[in-house]
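Engineer: Handing you a structure now.
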Amino acid sequence: MPSSDLSHAGARRAFRLQTFPALMSTVSLAALLLLGVAAPARSTDARPPESTTAAPPASRPMATNARNWPDLHSYADTEAFVTRHYDLDLDVDFAAHRLRGTVTLELERPSDGNASDVLVLDTRDLAIRKVATAPAGSDRFSRTTFRLDPRHEVLGSALRIAMPAEARRVRIEYASSSEASGLQWLAPAQTRGKQLPFMYSQAQSLHARSFVPLQDTPRVRSTYSATLRVPRGLVAVMAAESDPSNRRGATEFRFRMPQPIPSYLLALAVGDLDFKATGPRTGVWAEPAMLEASAREFGDADAMLRKTEALYGPYRWGRYDVLVLPPSFPFGGMENPRLTFMTPTVVAGDKSLVGVLAHELAHSWSGNLVTNATWRDGWLNEGFTTYFERRIMEAVYGDERARMEWGVGLQDLREALAVLGPDDAWRGALAPDLSRHVEEDGSSVAYEKGSLFLYQLERRIGRAELDAFLQGWFDRHAFTSVTTPQFVAELQELLLAQHPGRIDADFLRKWIDEPGLPDDALVVTSDAFDRVDRQRVSWEQGSLSTADLDTARWTVQEWLHFLNHVTRPQSKERLGELDARFGLTASRNAEVAHAWYRLALASGFAGIEPALERYLVDIGRLKLIRPLYVDLMKTSQGASFARRVYAQARPGYHAIAQRSLDRVVTTP
């Protein structure tokens, strides 16, 4: 996800693993299933129990496993079975808004004595038609019994499958719900071309289970193959290798992913799509009307790729392409391997917002190549990637551009920390203990605080030394999933021990376990922002008129710094002058418009309502629209406007955005 989409951290709902009640010691669950006997059920509301025992501090180095460092977001018992490969064979049913077909799982039983006769998978709102098992390498499948547990609001339902002793393959016939949280089905009117429908997936963090029954935990990495059947005239793409036979006009598309990935990186899209290459290994997929503009905007992808390889080692995924989605996509970007999904809101026409592209590309190392094993460890994905994003921007666009990106990020971090109250201050930690916060969001600072943590290492140890350690980290753990204590252990042994006295355990504890930003944190400053601030202060004090503001060479980042730092409220007259001179209400840059609307709403500035309504209806990116709804709901007049607009816009938003905004735009 892009560094500026801090709302993504809040989208990762942190729920404890629901422990299945103990059964009679003399009768196994599998036996009960095979006999057709109803197994004991959890409570009907399927709520996970609150833990009374604190989890180990993340900053303490230790050997971790699924027992002492569990993934609290998954029902899967990865010490009993591990999925090594799966094959999807699916019909994409636009009329019913469903995926229908089968998934065949290739399983491994770990040889550590944890024998089990029940395979537990994650699902959400899936219709399970039939389940069959077979020995390894065999196509002789035999039906077996299964059971779906009561549904938890976010975790979904555990699917429990009786497994004969020789079973290593499982084939599940199923259909997704028309309301699957990980899929969005768009009518032709919701696309740029207005002629054909569109469907795309968003699996991170807990949504793959809504369209495939599987072990939906980042601890498990699997290869996969897929066959998608689609209506004629539509093109299917996946974050995987595309079969050479795939072409426009076909109704069946085939794919394979030879590198093992976690389930949240499974991604597919179907629509009116064309492709244009931007380099030997890079290119853009988009609706025809968006293709040329998107290819120009992301034309530096190949240069970014080469610069990143120079920093952190070879790119190991083959191609790096970008799919530009319709505007309902709820995030800035999604780092699906080989095919980043991207919001059209970053296609600004001047490459001013391509930091999002740098971020998603950086995930090809931090997140995709080496993955957080649990969502408590999410900062190992997002914090690392945000740091790498800034390094890429520096390498491609220069030091000052990178410094401005750091400055915008620091403001995002301080705003995220400022809104945390006493009851949720724990979310200001990089790797908070989620076991005591059932049904709460995880860290809200994984991106920017995580990147600043690495910046501290750079400043205290040295950039070259840190780069060498990180490249080694990726080499040692390529295509595996890791935990925070595992990272800390290697950091201490392979980097800090070589430079004694510069970073100690107390430093690690403050940055990783404790909330907030340490008082001695080193931050990146920008001379360009200092110059903007001098003008801003003079303008606010009245010694500099609006007409005399010198903005001719301001970048988008400088405009954002100015608008985000203007004192609230401002007089309607001063804001009217700004709008008249710079056309801010009509800005075509989604980030600038967002910052201006927030300033205008905080100051009671009238006249933005028609443009704001169009903005909220046309854009589904949560980072841009959620704060505006929050601002609107602070006044009775704004709340009335928000409710009216939301009622119109909600059907076009992704289910992830709907659930987030339903909690904001409440009824009187």
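Engineer: Taking the condition of being surrounded by 24 or more Cβ atoms within 10 Å (Cβ to Cβ), part of a loop (DSSP other than H, G, I, E, B) and polar (S, T, N, Q), how many residues in segment 337-363 meet it?
Structural biologist: Qualifying residue count, segment 337-363: 1.
Engineer: Another question about this same structure. Which fully enclosed helices (runs of 4 or more DSSP H) of segment 548-657 have 2 or more residues being open to solvent by 70 Å² or more (accessible area, probe 1.4 Å)? Reasoning before the result, please.
Structural biologist: Values: elements: 556-565, 572-582, 590-602, 609-618, 622-632, 636-649.
The helices (runs of 4 or more DSSP H) meeting that bar are 572-582, 609-618, 636-649.
Engineer: Looking only at segment 573-604, which residues are charged (D, E, K, R) and in contact (Cβ under 8 Å) with a residue 60 or more places away in the chain? Working first, answer last.
Structural biologist: Looking only at segment 573-604, we keep the residues that are charged (D, E, K, R), and these are 573-574, 577, 579, 581, 588, 591, 598.
R588, E591 - these are the residues of segment 573-604 that are charged (D, E, K, R) and in contact (Cβ under 8 Å) with a residue 60 or more places away in the chain.
Engineer: Sticking with this structure for a sec: Of all residues in segment 495-511, count the ones that are touching a residue at least 24 places away in the same chain (Cβ under 8 Å) and in a loop (DSSP other than H, G, I, E, B).
Structural biologist: Here the count works out to 4.
Engineer: Another question about this same structure. Restricting attention to helices (runs of 4 or more DSSP H) lying wholly within segment 382-486, give those where 3 or more residues are under 18 Å from G367 (Cβ atoms) and open to solvent by less than 30 Å² (accessible area, probe 1.4 Å). Step through it out loud before you land on a result.
Structural biologist: On the way: elements: 399-418, 448-461, 463-476.
In segment 382-486, 448-461, 463-476 are the helices (runs of 4 or more DSSP H) which contain 3 or more residues that are under 18 Å from G367 (Cβ atoms) and open to solvent by less than 30 Å² (accessible area, probe 1.4 Å).
Engineer: Can you pull out every residue in segment 455-479 that is farther than 15 Å from Y312 by Cβ, more than 24 Å from the chain's Cα centre (by Cα) and not polar (S, T, N, Q)?
Structural biologist: Hits for segment 455-479 are R459, R460, I461, G462.
Engineer: Can you tell me how many residues in segment 214-250 are more than 20 Å from the chain's Cα centre (by Cα) and open to solvent by less than 20 Å² (accessible area, probe 1.4 Å)?
Structural biologist: Going through segment 214-250 one residue at a time, the tally reaches 9.
Engineer: Might you check whether a residue that is of a type outside the set (A, V, I, L, M, F, W, C) and open to solvent by less than 10 Å² (accessible area, probe 1.4 Å) occurs anywhere in segment 163-172? Steps first, please.
Structural biologist: Residues of segment 163-172 of a type outside the set (A, V, I, L, M, F, W, C): 164, 166, 168-169, 171.
Then drop every residue that is not open to solvent by less than 10 Å² (accessible area, probe 1.4 Å), which leaves none.
No, segment 163-172 has no match at all.
Engineer: Quick one: in segment 280-306, of everything that is open to solvent by 20 Å² or more (accessible area, probe 1.4 Å) and small (G, A, S), which residue is farthest from E335 (Cα to Cα)?
Structural biologist: By that ranking, first place goes to A289.
Engineer: Tell me which residues, restricted to segment 52-92, are in contact with a Pro (Cβ under 9 Å, 6 or more places away or on another chain) and acidic (D, E).
Structural biologist: Selection gives D71, E79.
Engineer: Right, R209: modelled with pLDDT of 95 or more and open to solvent by 10 Å² or more (accessible area, probe 1.4 Å) or not?
Structural biologist: Values: modelled with pLDDT of 95 or more: yes; open to solvent by 10 Å² or more (accessible area, probe 1.4 Å): no.
In short, no.
Engineer: Another question about this same structure. When only residues in segment 624-652 that are among the charged types (D, E, K, R) and touching a helix residue (DSSP H, G or I) at 6+ places or on another chain (Cβ under 7 Å) count, which is farthest from L601 (Cα to Cα)?
Structural biologist: Here is the first cut: in segment 624-652, the ones among the charged types (D, E, K, R) are 626, 631, 634, 643-644, 650.
Narrowing the set further to residues that are touching a helix residue (DSSP H, G or I) at 6+ places or on another chain (Cβ under 7 Å) leaves 626, 631, 650.
Working: R626: 14, D631: 7, R650: 21 Å.
The extreme case among them is R650.
Engineer: Another question about this same structure. Which one of these does R248 not meet: (1) more than 30 Å from L148 (Cα to Cα); (2) in contact with a Pro (Cβ under 9 Å, 6 or more places away or on another chain)?
Structural biologist: (2)
Engineer: Take the residues of segment 512-544 that are acidic (D, E) and assigned to a helix (DSSP H, G or I): which is nearest to F562 (Cα to Cα)? If you could, list the steps in order and put the result at the bottom.
Structural biologist: So the first thing to find is which residues in segment 512-544 are acidic (D, E), and the list is 513-514, 519-520, 527, 530, 533, 540.
Adding the requirement that they be assigned to a helix (DSSP H, G or I) leaves 527, 530, 533, 540.
Working: D527: 14, D530: 10, D533: 7, E540: 11 Å.
The residue in question is D533.
Engineer: Given the conditions (1) touching an Asp or Glu at 6+ places or on another chain (Cβ under 9 Å); (2) surrounded by fewer than 24 Cβ atoms within 10 Å (Cβ to Cβ), and given that Q204 satisfies all but one, which numbered condition is not satisfied?
Structural biologist: Q204 satisfies all of (1) touching an Asp or Glu at 6+ places or on another chain (Cβ under 9 Å); (2) surrounded by fewer than 24 Cβ atoms within 10 Å (Cβ to Cβ) except (2).
Engineer: Here's a follow-up. Where the second residue is open to solvent by 30 Å² or more (accessible area, probe 1.4 Å) and acidic (D, E) and the first is at pLDDT 90 or above and lies in segment 402-422, which pairs have Cβ atoms under 9 Å and are six or more apart or on separate chains?
Structural biologist: From segment 402-422, the pairs are A402/E394; R403/E394; R403/D527; E405/E394.
Engineer: Restricting the search to segment 230-270, which residues are aliphatic (A, V, I, L, M) and assigned to a strand (DSSP E or B)? Steps first, answer last, please.
Structural biologist: To start, the set of residues in segment 230-270 that are aliphatic (A, V, I, L, M) comprises 230, 234-240, 250, 257, 261, 265-270.
V235, A236, V237, M238, M257, I261, L268, A269, V270 - these are the residues of segment 230-270 that are aliphatic (A, V, I, L, M) and assigned to a strand (DSSP E or B).
Engineer: Looking at (1) surrounded by fewer than 23 Cβ atoms within 10 Å (Cβ to Cβ); (2) closer than 30 Å to L206 by Cβ, can you tell me which one P330 breaks?
Structural biologist: (1)
Conditions (1) touching a residue at least 60 places away in the same chain (Cβ under 8 Å); (2) closer than 19 Å to S481 by Cα; (3) surrounded by fewer than 14 Cβ atoms within 10 Å (Cβ to Cβ), marked per residue:
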site: S74; (1), (2), (3): yes, yes, no
site: V82; (1), (2), (3): yes, yes, no
site: H97; (1), (2), (3): yes, no, no
site: E108; (1), (2), (3): yes, yes, yes
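The values are calculated or read from the model by the stated rules, or taken from the named source; none is laboratory data. For clarity, every value in this text was computed on a predicted model and none was experimentally measured. Glycine also receives a Cβ, built like all others from the backbone with ideal geometry; neighbour counts cover every protein chain displayed. These area figures cover heavy atoms from the full protein model, side chains too; ligands, DNA and RNA do not enter into them. Shrake-Rupley method; radii C 1.70, N 1.55, O 1.52, S 1.80 Å.
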